[in-house]
1. Go through (1) crowded, with 17+ Cβ neighbours inside 10 Å; (2) within 18 Å of Ile176 (Cβ to Cβ) for Tyr103 and report which single condition fails.
2. Being over 20 Å from the mean Cα position of the chain (by Cα) and surrounded by 14 or more Cβ atoms within 10 Å (Cβ to Cβ) is the filter here; which residues of the range 4-14 pass it?
3. Within the range 121-163, how many residues are crowded, with 17+ Cβ neighbours inside 10 Å and small (Gly, Ala, Ser)?
4. If the requirement is being in contact with an Asp or Glu (Cβ under 7 Å, 6 or more places away or on another chain) and under 21 Å from Ile106 (Cβ atoms), which of these qualifies: Leu19, Leu13?
5. Looking only at the range 34-50, which residues are surrounded by 15 or more Cβ atoms within 10 Å (Cβ to Cβ) and of a type in the set (Gly, Ala, Ser)?
6. What do you reckon, is Gly118 closer than 30 Å to Ile7 by Cβ and loosely packed, with under 11 Cβ neighbours inside 10 Å?
7. Checking Met113 against (1) surrounded by 14 or more Cβ atoms within 10 Å (Cβ to Cβ); (2) part of a helix (DSSP H, G or I), only one condition comes out false. Which one?
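Laboratory data are not the source of any read-out in this text; all were calculated from the coordinates shown. Values in this document were obtained by computation on a predicted structure and should not be read as measured data. Please note: Cβ atoms are built from the backbone with ideal geometry, for glycine as well, and neighbour counts cover all protein chains shown.
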Amino acid sequence: MAYDCYIAMYNPLHYGTLLGSRACVCMAAAAWGSVFPYAVLHMANAFSLSLCKGNAVDQLFCEIPHIFSLSCSNAHLREICLLVFNPCLAFGTGCFVFIVLSYVQIFRAVLGMPSEPGQHKAFSTCLPHLAVVSLFISTLMFAYLKPSSISFPSLDLVVSVLYSVVPPALNPLICIMRSKEINDALKKLFEHIVF
């Protein structure tokens with residue numbers, strides 16, 4: 001999303017060539033490749049634990065903090081290692097840095113526009129995407145960095161839905177709502193329903 005907005009702002013006339021199918025495949029491969037260290041780290045941790053409190057996780061997803069709670073061994077050292085290595089991997093893979101740099105460039109370009117309507121239009125295009133990214137990152141950080149003393153099953157469930165279901169559901173809606181044809185069709189539909 002960040003690179004899409006960046007290309008739309010800096011090179012709108014070359015958008016089709018710069019963000020073609022090859023670029024999309026490369027970005028998808030980079031995203032999948034960058035999460036591979038996470039998967040290996042979490043899988044190695046999960047398989048090395050001995051579970052003595054059953055094997056049923058009282059959550060929507062089988063996540064590492066919940067697996068640690070089922071372990072009969074002391075998992076505090078493992079949790080600390082994950083809390084230290086996860087940010088290192090996140091910054092080391094470059095995805096987070098790439099997203100931040102893209103948004104910094106977008107805001108520099110928008111704030112450098114001479115017209116206020118142009119700035120408003122550019123911000124209205126990019127801010128919904130930034131809101132989705134912020135929602136994803138903030139809820140993910142809360143889920144993994146909160147102390148276990150404030151871990152309640154209902155809170156954990158809400159937070160896991162917020163970072164795993166809501167952002168992917170919002171992305172298509174944001175893109176659809178930017179289309180004038182879709183907006184006109186929705187207005188006609190609502191007028192027909194109301195009257």
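1. It is condition (2) that Tyr103 fails.
2. Narrowing the range 4-14 to residues over 20 Å from the mean Cα position of the chain (by Cα): 8-14.
The answer is Ala8, Met9, Tyr10.
3. Qualifying residue count, the range 121-163: 3.
4. Only one candidate passes the filter, namely Leu19.
5. The answer is Ser34, Ala46.
6. On the way: closer than 30 Å to Ile7 by Cβ: yes; loosely packed, with under 11 Cβ neighbours inside 10 Å: no.
For Gly118, the condition - closer than 30 Å to Ile7 by Cβ and loosely packed, with under 11 Cβ neighbours inside 10 Å - is not met.
7. Result: Met113 passes all but (2).
Per-residue answers, yes or no, for (1) in a loop (DSSP other than H, G, I, E, B); (2) over 13 Å from the mean Cα position of the chain (by Cα); (3) closer than 30 Å to Glu63 by Cα; (4) in contact (Cβ under 8 Å) with a residue 40 or more places away in the chain:
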| position | (1), (2), (3), (4) |
| --- | --- |
| Arg108 | no, yes, no, no |
| Gly118 | no, yes, no, no |
| Thr125 | no, yes, no, yes |
| Leu135 | no, no, yes, no |
| Leu140 | no, no, yes, no |
